[in-house]
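Shown next, in C-alpha cells, is the structure this report addresses.
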Amino acid sequence: MKVQQILDTKGSLEVFAIPAGASVSDLVTQLCERKCGALLITDHGGKLAGIVSERDVIRQLAAGADLDKVTVGEIMTRDLVSVSPDEDVHAAMDLMVGRRIRHLPVVNDSGPCGLVTVRDLIHAMREADRQDVAKLVEYLQSEIHGSE
C-alpha cells in the first residue's frame with residue numbers, strides 16, 4: 001500500500017496550511033476549526049517551509065509566551081522529514097517511528113499534497129491486514145471445497 005492511498009481515503013484533497021506570519025493564536029483557532037493536530041507552513045511560492053503542531057503551541061504556553069505576539073514562523077519546525085505519495089506505508093511508518101514524529105508531510109514535484117499521521121498509517125495497515133486475512137480465508141475455503 002502506498003501513502004497516496006491513505007490520502008485518497010482521507011476524503012479531502014485540501015492541504016491545510018497557514019502562513020509563517022500568522023500568530024500562534026491564529027494557529028490554535030485553525031487547529032480547532034479543522035480538528036487537526038498540525039498544519040503545514042508554505043512560503044510565498046507554495047513550497048513547503050515547515051510544520052507546526054499542537055506540541056509546539058504547548059511549549060510556547062509553558063514558556064509563558066503571548067500567543068498573539070509569537071508568529072508561526074518563529075516556532076515551526078524547519079528541518080522537515082517528508083515522503084512522496086508513492087512511498088510504501090510501512091516505510092513511512094518506520095520513518096515516523098525512527099524520527100519520533102506524529103505528522104508526516106507528503107510532497108510531490110508540485111509541492112505539498114497532504115499530511116499523514118501515525119493514526120492514518122495504523123488504520124491503513126489494519127485495513128490492509130483485514131483484507132489479507134479475508135483473501136487467505138477465501139483461498140483456504142476454495143482449497144477445502146475444491147478437494148472435496
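The values are calculated or read from the model by the stated rules, or taken from the named source; none is laboratory data. Everything numeric here is computed off the predicted structure, so don't read it as measured data. Glycine gets a Cβ as well: all are built from the backbone with ideal geometry, and neighbour counts include every protein chain shown.
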Might you let me know whether the stretch 39-57 holds any residue that is surrounded by 14 or more Cβ atoms within 10 Å (Cβ to Cβ), over 26 Å from residue 108 (Cβ atoms) and touching a residue at least 24 places away in the same chain (Cβ under 8 Å)?
yes
By residue number, the members of the stretch 37-74 that are in a helix (DSSP H, G or I), within 16 Å of residue 26 (Cβ to Cβ) and touching a Gly at 6+ places or on another chain (Cβ under 9 Å) are 54, 72, 73
Which condition number in (1) without any contact (Cβ under 8 Å) to a residue 40 or more places away in the chain; (2) within 12 Å of the chain's Cα centre (by Cα); (3) under 23 Å from residue 58 (Cα atoms) is the one that residue 105 fails?
(1)
Give the stretch 125-148 a look and list any residue that's closer than 30 Å to residue 81 by Cβ and either β-branched (Val, Ile, Thr) or free of Cβ contacts under 8 Å to residues at least 24 places away in the same chain (or both), or say none.
126, 127, 129, 130, 131, 132
How do the pairs read when you match residues in the stretch 110-124 that are at positive phi with residues anywhere that are surrounded by fewer than 18 Cβ atoms within 10 Å (Cβ to Cβ), using Cβ under 6 Å and keeping only pairs 6 or more apart or on different chains?
111/46; 111/47
Among the candidates 26, 129, 120, which residue alone is assigned to a helix (DSSP H, G or I), closer than 17 Å to residue 5 by Cβ and more than 15 Å from the chain's Cα centre (by Cα)?
129
The residue that is farthest from residue 90 (Cα to Cα), considering only those in the stretch 1-12 that are assigned to a loop (DSSP other than H, G, I, E, B) and in contact (Cβ under 8 Å) with a residue 12 or more places away in the chain, is 10
Restricting to the stretch 16-64, name every residue that is touching a strand residue (DSSP E or B) at 6+ places or on another chain (Cβ under 9 Å) and basic (Lys, Arg).
47, 55
Test result for residue 146, farther than 16 Å from residue 8 by Cβ, exposed (fewer than 10 other Cβ atoms within 10 Å of the Cβ) and not aromatic (Phe, Trp, Tyr)
yes
Give the residue, chosen from 66, 26, that is farther than 28 Å from residue 127 by Cβ, among the acidic types (Asp, Glu) and surrounded by 15 or more Cβ atoms within 10 Å (Cβ to Cβ).
26
Tell me, yes or no, whether the stretch 85-96 has at least one residue that is touching an Asp or Glu at 6+ places or on another chain (Cβ under 8 Å) and assigned to a loop (DSSP other than H, G, I, E, B).
no
State whether one or more residues within the stretch 100-109 are modelled with pLDDT of 95 or more and loosely packed, with under 12 Cβ neighbours inside 10 Å.
no
Residue 112 meets each of (1) at pLDDT 90 or above; (2) in a strand (DSSP E or B) with one exception, condition (1)
